[in-house]
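All remarks here apply to the structure that follows.
The values are calculated or read from the model by the stated rules, or taken from the named source; none is laboratory data. None of these values were measured; they are calculated from a predicted model. Backbone-built Cβ (ideal geometry, glycine too); neighbour counts: all protein chains shown.
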């Protein structure tokens with residue numbers, strides 16, 4: 001009995017070994033492939049193996065296992081011819097997927113190199129344009145300043161010269177009047193020392209008076225231009241009072257300061273009438289020269305700045321300035337549109353790069369999954385090759401199309 005049991009066991013072992021023949025040789029091959037990937041002579045060699053051979057060999061192992069296991073099911077299947085045909089076509093899809101995988105890697109490398117070259121060229125172009133603008137900026141700025149200088153508009157140069165002249169004249173008169181004002185203040189206060197605030201306050205006071213003198217001239221000019229007799233008479237009286245005040249307290253002091261030099265050079269006697277006459281002619285000469293040179297153009301902007309009112313310009317200047325104002329008001333639209341275009345371009349290129357990177361790998365994995373579904377259901381689940389990444393995004397729709405999953409309405 002023991003011999004018969006041993007013989008039966010040996011027979012079953014022989015039968016079992018015969019049944020394992022189709023898949024027995026796959027296990028050593030699988031171990032050899034694992035050793036091939038685990039042991040590498042260098043890091044670059046390992047990178048090359050995993051990059052170019054890992055997924056193709058994984059596909060080979062999956063196809064071998066599914067094909068050899070399907071041999072056990074052939075005697076029990078219906079439509080064996082269709083099953084074998086589908087299995088052979090799966091091998092064809094596997095070979096094509098491996099080829100597309102290598103071609104996809106090559107295309108990915110070419111595209112990445114092209115993008116790197118394009119970005120480098122764009123960077124070089126940007127640097128060249130930036131240097132060009134930096135080098136030509138002084139010339140462009142000079143051209144714009146020259147163009148705007150000869151274009152009618154607000155006379156800023158006359159305004160700045162007028163302010164500078166008022167400050168200069170106030171400085172001269174404050175220097176001349178400082179001894180007299182100091183003596184008067186010391187007599188009033190009853191001290192022998194002058195405060196340090198005397199000179200700055202005197203300068204500010206004289207600056208306001210001199211600017212007011214030009215404002216009075218501007219008011220007289222406006223009255224004459226409007227041809228209003230009453231206003232002209234009023235402004236002439238006011239201008240004479242302004243002239244008398246400045247001649248008596250400002251220009252007379254200046255003439256008195258230079259009177260010793262006049263006496264030394266001419267030997268004539270100088271009296272009060274001579275001093276006031278020279279002071280009056282000096283005021284008229286200085287105000288006339290400064291008025292016709294720059295004050296008549298710089299006083300209106302000064303008064304407009306103080307009163308916070310717009311400066312009147314010529315009609316032609318307003319027409320020329322209008323397009324510039326509209327253009328300046330829209331300066332932000334073009335940068336924002338460029339930014340939107342750059343963001344859209346970045347999204348498109350990222351999607352392309354994602355497709356180039358994942359589509360070859362998904363081709364290989366889809367073939368492995370097809371082998372598994374053929375083994376189980378005699379039908380592949382994917383139509384290969386994939387043309388776009390969206391072909392493999394909605395897997396439920398793929399299963400419904402293959403009749404491997406119920407529709408959403410049928411589930412309810």
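Among residues that are surrounded by fewer than 13 Cβ atoms within 10 Å (Cβ to Cβ) and in contact with a helix residue (DSSP H, G or I) (Cβ under 8 Å, 6 or more places away or on another chain), residue 71 is included. Do we find a residue being in contact (Cβ under 8 Å) with a residue 24 or more places away in the chain and closer than 21 Å to residue 358 by Cα anywhere in segment 115-127? Checking segment 115-127: at least one residue is in contact (Cβ under 8 Å) with a residue 24 or more places away in the chain and closer than 21 Å to residue 358 by Cα. So which helices (runs of 4 or more DSSP H) are wholly in segment 187-289 and hold at least 3 residues that are at pLDDT 85 or above? Where helices (runs of 4 or more DSSP H) fall fully within segment 187-289 and carry at least 3 residues being at pLDDT 85 or above, they are 198-226, 229-246.
Considering 175, 139, 159, the condition of being exposed (fewer than 12 other Cβ atoms within 10 Å of the Cβ) and either at pLDDT below 85 or within 29 Å of residue 300 (Cα to Cα) (or both) is satisfied by 139 alone.
In the condition set (1) modelled with pLDDT of 80 or more; (2) assigned by TED's automatic domain parsing to the domain that holds residue 215, residue 128 is compliant with all but (2).
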